[in-house]
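Undergrad: Let me begin by handing over the structure; questions about it come next.
The values are calculated or read from the model by the stated rules, or taken from the named source; none is laboratory data. Keep in mind that what you see is a predicted model, and the values were worked out from it rather than measured. Here the Cβ positions follow ideal geometry from the backbone for every residue, glycine too, while neighbour counts run over all protein chains shown.
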Amino acid sequence: MLARGFWLYVWRIDTPKGECLYVGRTGDSSSPHASPPFTRMTQHLGKQKNSNALRRNLGNADIEPEDCHAFDLIVHGPIFDEVPHIGTRDERMEKHKPLRDLYAAMEKQLADDLILAGYNVLNIVHCKKPLDVVIWKDVRSAFAVHFKRLESC
């Protein structure tokens, strides 16, 4: 959870309204950085509007984070390391984008599969990038250990 790189994660939240999930990934869209899940964990529940997507999604569901009973973070990765800090920002972005896009496609597929399996997913993930089905198979299996209904869909 502390290594920089490309990770997928699912928050499992025990709320006053029942269990819900939030699907995410590391690997910024606007910079060549890929923070560790631990960093994203603190940002998700913080007060900064640009980085607290979990807090916002809970609010959209009329759930106050402070009223939740438990937050569990299930992570998988890093499959790829963060792009080295060598060269210009533009050069690093060119190396970062293909990995970011690969992860964005897997993030969307994970959210869609969890919804299909009957889980209550708070967020909708938008992505039109192609899915690498070879990498996805292993990633999906890793999450199926924690989300048993994934095995049946």
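Undergrad: Could you identify the single residue in 36, 16, 98 that is touching a Gly at 6+ places or on another chain (Cβ under 8 Å) and free of Cβ contacts under 8 Å to residues at least 60 places away in the same chain?
TA: Matching residue, one of 36, 16, 98: 36.
Undergrad: From the set of residues in region 41-63 that are in contact with a Ser or Thr (Cβ under 9 Å, 6 or more places away or on another chain) and at pLDDT 90 or above, which is surrounded by the fewest Cβ atoms within 10 Å (Cβ to Cβ)?
TA: Among residues in region 41-63 that are in contact with a Ser or Thr (Cβ under 9 Å, 6 or more places away or on another chain) and at pLDDT 90 or above, the one surrounded by the fewest Cβ atoms within 10 Å (Cβ to Cβ) is 61.
Undergrad: Being touching a Leu at 6+ places or on another chain (Cβ under 8 Å) and at pLDDT 95 or above is the requirement here; does residue 6 meet it? Steps first, answer last, please.
TA: Numbers: touching a Leu at 6+ places or on another chain (Cβ under 8 Å): yes; at pLDDT 95 or above: no.
Taking the combined requirement at face value, the residue does not satisfy it.
Undergrad: Quick one: in region 124-153, of everything that is of a type in the set (Asp, Glu) and either under 14 Å from the mean Cα position of the chain (by Cα) or assigned to a helix (DSSP H, G or I) (or both), which residue is farthest from residue 29 (Cα to Cα)?
TA: 151
Undergrad: If you don't mind, another one. Restricting to region 94-139, and then to whatever is exposed (fewer than 15 other Cβ atoms within 10 Å of the Cβ) and β-branched (Val, Ile, Thr), can you tell me which residue is farthest from residue 5 (Cα to Cα)?
TA: Step by step, filter region 94-139, then rank; the result is 124.
Undergrad: Now for a separate question. When the residues of region 64-74 are filtered to those that are in contact (Cβ under 8 Å) with a residue 40 or more places away in the chain and surrounded by fewer than 16 Cβ atoms within 10 Å (Cβ to Cβ), which remaining residue is nearest to residue 11 (Cα to Cα)?
TA: If we filter region 64-74 for residues that are in contact (Cβ under 8 Å) with a residue 40 or more places away in the chain, which is where we start, we get 67-74.
Okay, now just the ones that are also surrounded by fewer than 16 Cβ atoms within 10 Å (Cβ to Cβ), so 67, 69-70, 72.
Values: 67: 16, 69: 13, 70: 10, 72: 6 Å.
Among residues in region 64-74 that are in contact (Cβ under 8 Å) with a residue 40 or more places away in the chain and surrounded by fewer than 16 Cβ atoms within 10 Å (Cβ to Cβ), the one nearest to residue 11 (Cα to Cα) is 72.
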